[in-house]
């Protein structure tokens, strides 16, 4: 009887693993498929580890560049994005709803491409805010096609790893009023170009899973 239950549990575990989609294997130092996008100067991204967890370290000295990966993800099957991140050095004195304050120690983008109709591209941006409270959301100061959602705020949790789990389809529906069934790219970016400050943080693995 015990062996039968063991087999059943193994099959369930195997099915769950098969459905999971890893889009960023940063803990393994794997940047395959990730490409740089430079806006102003280059943020340094290096695999490493801190406090027993491996990931991708990012440091920007008044610069703005990110890493992105074009990958189709079926949100009907795997709508939940899970990842670890860590803010090491947050910018200070910013109005994050303004162009001058659009800088973050860590942020994660989820992109729905508009294809040739580039103006229809929509981007959901998860941020660790320095000033805006956790749970706040607002249009990006540079484009209304990007909506920003603060998951963490300030220095209280900075300097340690924290885990996030978001239903991307639900968040798109709440912030864009659209039922998105697939996304086309993900990205990470740490930047301090608008304020001229130095920021630093870490990104752990990013993966999409069933609900």
Those residues of segment 106-149 that are touching a residue at least 40 places away in the same chain (Cβ under 8 Å) and within 17 Å of residue 93 (Cβ to Cβ) come to a total of 3
Just to verify a result, which residue in segment 95-116, among those that are at pLDDT below 95 and at negative phi, is surrounded by the most Cβ atoms within 10 Å (Cβ to Cβ)? 113
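Kindly indicate the residue of segment 180-203 that is touching a helix residue (DSSP H, G or I) at 6+ places or on another chain (Cβ under 6 Å) and over 14 Å from residue 111 (Cα atoms) and also surrounded by the fewest Cβ atoms within 10 Å (Cβ to Cβ) among those meeting that condition.
If we filter segment 180-203 for residues that are touching a helix residue (DSSP H, G or I) at 6+ places or on another chain (Cβ under 6 Å), which is where we start, we get 180, 194, 203.
Now restrict to residues that are over 14 Å from residue 111 (Cα atoms): 194, 203.
Numbers: 194: 20, 203: 24.
The residue in question is 194.
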Looking only at strands (runs of 3 or more DSSP E) that fall completely inside segment 119-178, which ones have 1 or more residues that are touching a helix residue (DSSP H, G or I) at 6+ places or on another chain (Cβ under 7 Å) and crowded, with 19+ Cβ neighbours inside 10 Å? 122-129, 146-153
Inspect all residues belonging to segment 190-202 and state whether any of them is farther than 22 Å from residue 101 by Cα and either modelled with pLDDT of 95 or more or within 13 Å of the chain's Cα centre (by Cα) (or both). no
Those residues of segment 69-94 which are in a strand (DSSP E or B) and buried (at least 22 other Cβ atoms within 10 Å of the Cβ), in sequence order: 81, 83, 85, 86, 87
So for segment 108-115 (the condition being touching a helix residue (DSSP H, G or I) at 6+ places or on another chain (Cβ under 9 Å), in a loop (DSSP other than H, G, I, E, B) and under 26 Å from residue 171 (Cα atoms)), does at least one residue qualify? yes
Kindly establish whether residue 171 is more than 21 Å from residue 58 (Cα to Cα), within 14 Å of the chain's Cα centre (by Cα) and modelled with pLDDT of 95 or more. yes
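The values are calculated or read from the model by the stated rules, or taken from the named source; none is laboratory data. Not measured: the values here are computed from a predicted model. Here the Cβ is made from the backbone with ideal geometry for all residues, glycine too, and neighbour counts use every protein chain on show.
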